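> Structure in C-alpha cells, see below.
The values are calculated or read from the model by the stated rules, or taken from the named source; none is laboratory data. Note that the coordinates shown come from a computational prediction; the quantities given were computed from them, not determined experimentally. Here the Cβ positions follow ideal geometry from the backbone for every residue, glycine too, while neighbour counts run over all protein chains shown.
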Amino acid sequence: IPDSFCYLPAETGPCEALITRFYYNSALNKCQKFTYGGCHGNVNNFETKEECHHTCVGK
C-alpha cells in the first residue's frame, strides 16, 4: 500500500519556476510528469519518475 501522501494531487504551488517533476496519479496507478513552480506544493513531488515509482507504485 503506498504512503498516504502518494494520494495527494499534483500541486504546482504559487511560484513561477518551470521545473519538471513527477507525481503519483493514484487513479491510474502510475507516475506522471507535471510542472512544479519551485515552492510550496506538497510531498507528492519527485525529481525522477523512478523515485516516484519506487516510493508510490512499487509498494
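> I'd like the full set of residues that are part of a loop (DSSP other than H, G, I, E, B) and surrounded by 13 or more Cβ atoms within 10 Å (Cβ to Cβ), limited to the range 21-42.
Our first condition is that a residue be part of a loop (DSSP other than H, G, I, E, B); within the range 21-42, this holds for 26-29, 37-42.
Answer for the range 21-42, where residues must be part of a loop (DSSP other than H, G, I, E, B) and surrounded by 13 or more Cβ atoms within 10 Å (Cβ to Cβ): S26, G37, G38, G41.
> Would you be able to say whether some residue in the range 19-35 is β-branched (V, I, T) and touching a helix residue (DSSP H, G or I) at 6+ places or on another chain (Cβ under 8 Å)? I'd like the intermediate steps shown before the answer.
Restricting attention to the range 19-35, the residues satisfying the condition of being β-branched (V, I, T) are 19-20, 35.
With touching a helix residue (DSSP H, G or I) at 6+ places or on another chain (Cβ under 8 Å) added as a condition, the list becomes none.
No, every residue in the range 19-35 fails to be β-branched (V, I, T) and touching a helix residue (DSSP H, G or I) at 6+ places or on another chain (Cβ under 8 Å).
> Checking I1 against (1) at pLDDT 95 or above; (2) in a loop (DSSP other than H, G, I, E, B); (3) surrounded by fewer than 15 Cβ atoms within 10 Å (Cβ to Cβ): exactly one of these is not met. Which one?
(1)
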